[in-house]
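Participant: Have a look at this one before I ask anything.
The values are calculated or read from the model by the stated rules, or taken from the named source; none is laboratory data. As the structure is a computational prediction, the values presented were derived from the model and not from experiment. Here the Cβ positions follow ideal geometry from the backbone for every residue, glycine too, while neighbour counts run over all protein chains shown. Just the protein is used for accessible areas: all its heavy atoms, side chains included, with ligands, DNA and RNA removed. Shrake-Rupley method; radii C 1.70, N 1.55, O 1.52, S 1.80 Å.
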Amino acid sequence: MNHNLFATFNARMQARGTANFITTPEGDTYSYADAITATERLAGALKALGVQPGDRVAVQVDKSPEVILLYLACLRVGGVYLPLNTGYTAEEVGYFLGDAEPALFVCRPEAKDAAEAIAKETGCPKVVTLGTHKDGTLMDAVAGAEPFTGIEQRDKDDLAAILYTSGTTGRSKGAMLTHNNLASNSASLQEAWRFTEADRLIHALPIFHTHGLFVACNVILMAGASLYFMAKFDLDQIIGAMPDGTSLMGVPTFYTRLLQDERLTAELTRNMRLFTSGSAPLTAETHQKFQERTGHAILERYGMTETNMNTSNPYDGDRIAGTVGLPLPGVEIRITDPESSNHEPLPNGEIGMLEVRGPNVFKGYWRMPEKTKAELLDDGFFITGDLAVIDERGYVQIVGRDKDLVISGGFNVYPKEVEQVIDAMDGVVESAVIGLPHPDFGEGVTAVVVKEPGAPLTEAEIIDNLADHLAKFKQPKRVFFVSALPRNTMGKVQKKQLRDEYKDTYAGA
Ligand code: AMP
């Protein structure tokens, strides 16, 4: 049996014939039949460019339907798809190419010269370009190549993709994802979220990340459904697409932005059956406001580059705001004591390190055996680095990243607990709690707060107000006001940036 993920997709795609696969707001469309032909032609070009099974294909291009077809063609020829964040600089790309040693680098047309220089330096043999208008030298290669209609034989554990983690500390690590990692997770998500041929997913996420690429596109391919494929998040386009859409997968900022628009109503969303959120925490307030306005309870799920998706709120049953739901079928979750050397499991209700095991969990970090050994345990559990608690109903709540934990005067302070209290105050939009070097306490709890425009809230008022709700050691010693929290494209608050910015707050305190 061929375990190539594309073989699974191909069977679905063949069965869908001329049904729509992708439509863009600009009117570009591909039926499933068109998409199969396009993957054959692109696969022919990849072969002609020298891509062999197991070779990495690095891709740093702007979002377009052809990028998805390139991903599929790469699977088809047995290549290892390696998407790169479009925001990476030439220097960062140099690191990735040097580390991954791809056989081919696909870049934007305007980046060709710089890309060729990096390729030369890092020993990457070939560079081609791909633009957003079916242009670029990759498309020229397609025109000259013989289509490849086969599907290279792959085993379950062969690599399908390498995704570099966002790397907030130290070097970015290449997460090796196998054909079975991706196949098993997309099958279980399709079932858990009830995707069928009738679905039309509004796709506004980047496709260099696990959320927009694997969660969104793989689930659609598994279901034989269709994608409304937007170059980026665009409020007008999303609102325009909702009457004909059935589902939206978003990061929390999608929902906060939608809520700021008067056009978001129950009437607008009456054809929609599912809104999902992930990649960063969705506040209970956003969840409630969205439900009040539209009647839809956003379904929050939790995953990461290394593990694909781990937990999800139920499709039927309670979607509990502030939780990421229950483990997906086949996924095991345990909460362990981070202080214990032998990963001692903690009972429900206690906060600890979230560890996960299942067919969704990656194979290891590319060329980092030590890191892999430290984080992927012999018994198959992966240490996620997320602190979490499981409630009596089995729902998982993420409390924050292990490295964001603040230790003040020897006490553990979970930023989320403090943020929740601050966020509930009148006049507060949102907050981020961080630990900063403090001469007495080791770390000083510090809050960075976004106020509602014109709210007369002061630092002293916030600190006073917290005194009734939180133990002294959890209360921020300082509160700073900002107009917006720094976020990356996936909506994650960049706490490292805040820690750097305010690092001298308690110097000499
Ligand atoms: P990435 O590898 O970029 O997908 O980032 C994964 C990390 O995002 C996880 O380890 C979590 O810290 C965070 N994350 C993903 N989904 C959620 C969620 N629903 N709630 C809170 N944090 C999340």
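Participant: Roughly what would the spin-label model give for ARG12 and GLU461, points 7 Å off Cα along C-beta, in nm?
Facilitator: 5.1
Participant: Given the C-alpha centroids of segment 1-28 and segment 79-132, what is the distance between them in whole angstrom?
Facilitator: 27
Participant: Heavy atoms of the protein only, probe of 1.4 Å, neighbouring chains included. What is the accessible area of VAL445 in Å², nearest 10?
Facilitator: Counting only protein heavy atoms, the figure is 0 Å².
Participant: Express in Å², to the nearest 10, the accessible area of THR265 obtained by rolling a 1.4 Å probe over the protein heavy atoms while all chains stay in place.
Facilitator: Surface open to solvent at THR265 totals about 50 Å².
Participant: Given a 1.4 angstrom probe, I'd like the percentage of the accessible area of segment 376-509 that is carbon and sulfur, rounded to a whole number.
Facilitator: On segment 376-509, the fraction of accessible area on carbon and sulfur atoms equals 51 percent.
Participant: Which three extents, in whole angstrom, do the alpha-carbon atoms of segment 184-297 cover along their principal axes, largest first?
Facilitator: Projected onto its principal axes, the Cα set of segment 184-297 covers 37, 27, 26 Å.
Participant: When the chain is fully extended, how far beyond the present Cα-Cα distance does LEU259 get from SER341, taking 0.36 nm per residue of separation?
Facilitator: Once the chain is fully extended between LEU259 and SER341, it gains 25.0 nm.
Participant: Compute the accessible area per residue over the chain, keeping the other protein chains in place, probe 1.4 Å, unit Å².
Facilitator: Solvent-accessible surface per residue comes out at 41 Å².
Participant: Out of residues 5 or more away from TYR164 or on other chains, whose amide H comes under 5 Å of its own, with H placed 1.01 Å from N in the peptide plane?
Facilitator: HN-HN under 5 Å from TYR164: ALA175.
Participant: Rounded to the nearest 10 Å², what accessible area does ARG393 show when all protein chains are kept and the probe is 1.4 Å?
Facilitator: 130
Participant: Using only the Cα atoms of segment 1-119, build the gyration tensor, take square roots of its eigenvalues as a ≥ b ≥ c, and label the shape rounded, prolate or oblate: rounded if a/c is under 1.5, else prolate if a/b is larger than b/c, else oblate.
Facilitator: oblate
Participant: With all protein chains present, how much of the accessible area of segment 84-243 (probe radius 1.4 Å) comes from carbon and sulfur, to the nearest whole percent?
Facilitator: Of all accessible area on segment 84-243, carbon and sulfur atoms account for 49 percent.
Participant: When a/c is below 1.5 the answer is rounded, else prolate if a/b is larger than b/c, else oblate, so apply that to segment 130-249 with a ≥ b ≥ c taken from the square roots of the Cα gyration tensor eigenvalues.
Facilitator: rounded
Participant: Can you figure out the FRET efficiency of GLU121 with ASN412, using R₀ = 51 Å and their beta-carbon distance, to the nearest 0.05?
Facilitator: E between GLU121 and ASN412, to the nearest 0.05, is 0.70.
Participant: Next question, about the same structure. Please work out how much length the chain gains when fully extended from GLN288 to THR149, using 0.36 nm per residue of separation minus the C-alpha to C-alpha distance, in nm with one decimal.
Facilitator: 45.1 nm
Participant: Right, next: For segment 1-101, what is the charge dipole size about the Cα centre, in debye to the nearest 20, if Lys and Arg each add +1 at the Cβ and Asp and Glu each add -1 at the Cβ?
Facilitator: The calculated dipole for segment 1-101 is roughly 500 debye.
Participant: Let me ask something additional. Where does the chain land on Rg(C-alpha)/(2.2 N^0.38 Å)?
Facilitator: 0.99
Participant: State which entries of LYS112/LYS134; LYS472/LYS492; LYS403/LYS503; LYS403/LYS496; LYS120/LYS173; LYS403/LYS451 exceed 19 angstrom in Cα-Cα distance in the structure shown.
Facilitator: LYS472/LYS492; LYS120/LYS173; LYS403/LYS451
Participant: Using the Kirkwood radius built from alpha carbon pairs, what does the Stokes-Einstein equation give as D for segment 417-509 at 20 °C and 1.002 mPa s, in µm² per second?
Facilitator: Roughly 158 µm²/s, to the nearest whole number.
Participant: Report the calculated FRET efficiency for GLU191 and LYS472 (r = Cβ-Cβ distance, R0 = 30 Å), to the nearest 0.05.
Facilitator: For GLU191 and LYS472, the calculated efficiency is 0.05.
Participant: Please find the FRET efficiency linking LYS112 to ASP234, where r is the Cβ-Cβ separation and R0 is fixed at 41 Å, and quote it to the nearest 0.05.
Facilitator: Using R0 = 41 Å, I get an efficiency of 0.90.
Participant: May I pose another question? Suppose every Lys and Arg Cβ carries +1 and every Asp and Glu Cβ carries -1, with no other charges. What dipole size does the chain come out with about its Cα centre, to the nearest 20 debye?
Facilitator: The dipole magnitude comes to about 780 debye.
Participant: Which residues make up the longest stretch of the chain that has no GluC sites (Glu not before Pro) in a DSSP loop with at most 16 other Cβ atoms within 10 Å?
Facilitator: No qualifying site falls inside 27-196, the longest such stretch.
Participant: Given 0.36 nm per residue, what is the gain on full extension from ASP402 to LYS496 after removing their alpha carbon distance, in nm?
Facilitator: 32.5 nm
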